C-alpha cells in the first residue's frame, strides 16, 4: 500500500472548515497532510505568528490504523531576494519550507542556494520566465522538489490553461522527476483522491510511474528532506526536551537527497 | 448473466462474442462525496451521466465528447441494471452510499478519467448539488468491481463500529458485516443493485 500525501492545504482561520478539510483528506486516503501558511512579504511588515492549530483530530485515513499526520508548512512568495532570510528564527516552527519565486534570478537562486524543500510553480498566471535545465538539475541534485497545485484548475477555466501550460513546461525541463502534485484547497470540496490526482499527472505530461510517485514517494522524500534541515550535520537530532541523541537509520540524511 | 451479451452463462455463449475486442471496457468504481448526505438521495443515473459527459466535453472538447458516446450499437440492456438507456456510461448508482459504476471504452479510459476531477457539481431534480467524484477502483468487469465494493463496504462498516451510539446500532452493524458476501448464482448478501448493508 502506498503512502499518499497532500502537502498543500491552505490555512484558513475558520477552525471548523480546517477540520472538515482534514477529515475529507483522511477519508480519501491521505496519510499525511501539511497546512500551508502563505506569507507575502509585501503585504505585511511583520511575520504573523503561525497558529499551529492544536490538531487533536484523530481521523483515520482509509485503510490505515494510525491517525492522519498533520504538518505545518510555510510558503514565502518572493519577488525580491531580501524576502527570504535563510535560517531565520521564525522558520523553525514550520516543518516544511517552500518558496514561490517570481523572477528568473530568484528561481535560479532558490534552486541552487536557498535551503528550502519545495519550489512552487505559479499556476494563476503565465510564467514570466522559462525553466532552464541548469538550475532545475541543480535543484534535483539537492533534493528540492517542484510543486504544481491543481485546485486553481478545478475552480476556473483560464487558470486551468495556465496550470497545464506551466506544468507541461516544467515537466519538459525536469523530465518528470522531483515533482509533487498537491491541492491548494481551501474548501473540502476542492480536494481530490490520490488516484484521481495520479491521473491528472498524466494530463500534465508525467508518465504513469512518475505520476504515482508525485503523490507518494516524492512527497515522502520531501518530508524526510525537511527533517534533515533540522539535523546538525545530518546525524544529530535535537529533541525538544533538550536531550541530544543520535537518530535511527530512518532519520539520517539519505545520500540521494544531499 | 454474462455482462457482454444478454445471455445466461449456463447456456452456450459463443466464444467469439465474449472475446470480441470492441466489447471490452473499463469500469470505474467512484464514490460521490457531498458535504450533506441528504443531497445524495436526489441523485439519479441520468444526472450523473450528464455531468460526466459535460465535464469531459469541457475539458477535452469535441474529441472527448465523441469518445464518451462511442458504443457498440448491439449492446443490449440487461434486466438487472437500473439504467434505462443501455448506452449510458453509468452502469450502477446507489443513492444511499453514493457509489457509482462508470463504464468507459478501454482505449481511452485514462483520458476520460482525467476529466472526472473537474466535476464540481451535479444537476439533479432542478437542484445543483456541490460534490466531487473519488475513484476507488478500476476493473475490467463489473464482477471485479463488485468484489472490491464488498471489501470496501465491509471496511466502512468496521470503521463505523466505534462510532455507534448504542448497543442496538452495534448489533445491526455487526450483523451487516457478517452478511456481506458475494455468492455465485443467487448473489445473496450484497443484493445488487439494492444495497441494504451500508449505513
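Scoring B:153-160, A:26-33, B:120-127, B:30-37 by mean Cβ neighbours within 10 Å over their residues and listing the highest first yields A:26-33, B:30-37, B:153-160, B:120-127. Of the peptides A:10-20, B:101-111, A:218-228, the ranking by mean beta-carbon count within 10 Å, highest at the top, reads A:218-228, B:101-111, A:10-20. Peptide B:110-121 is shielded by partner chain Cβ atoms: per residue, an average of 5 of them sit within 10 Å of its Cβ.
When A:65, B:51, A:122, B:114 are arranged by Cβ crowding within 10 Å, least crowded first, meaning fewest neighbours, the order is A:65, A:122, B:114, B:51.
Mind ordering A:198-210, A:166-178 by average Cβ neighbours within 10 Å, highest first? Before the final figure, lay out the partial values.
Values: A:198-210: 20.5, A:166-178: 18.4.
In decreasing order of mean packing, A:198-210, A:166-178 become A:198-210, A:166-178.
Residue by residue through B:51-63, how many Cβ atoms from other chains fall within 10 Å of the Cβ on average? Display every interim value, and only then the final one.
On the way: counts 0, 0, 0, 0, 0, 0, 0, 2, 5, 1, 0, 0, 0.
The mean count of partner-chain Cβ atoms within 10 Å per residue comes to 1.
For peptide A:185-194, compute the average count of partner chain beta-carbon atoms within 10 Å of each residue's beta-carbon. Intermediate results must be reported in sequence, preceding the final value.
Details: counts 0, 0, 2, 3, 8, 2, 4, 9, 10, 2.
Other-chain Cβ atoms within 10 Å of each residue's Cβ, averaged: 4.
Distance between the C-alpha centers of the stretch B:50-71 and the stretch A:185-228? Whole Å please. Distance between centres, Cα-based: 25 Å.
Any read-out appearing in this document is the output of simple, stated calculations on the displayed coordinates, not a laboratory observation. Worth saying up front: this structure is predicted, and the values here are computed from it rather than measured. Because the Cβ atoms are built from the backbone with ideal geometry, glycine has one as well, and the counts that use them run over all protein chains shown.
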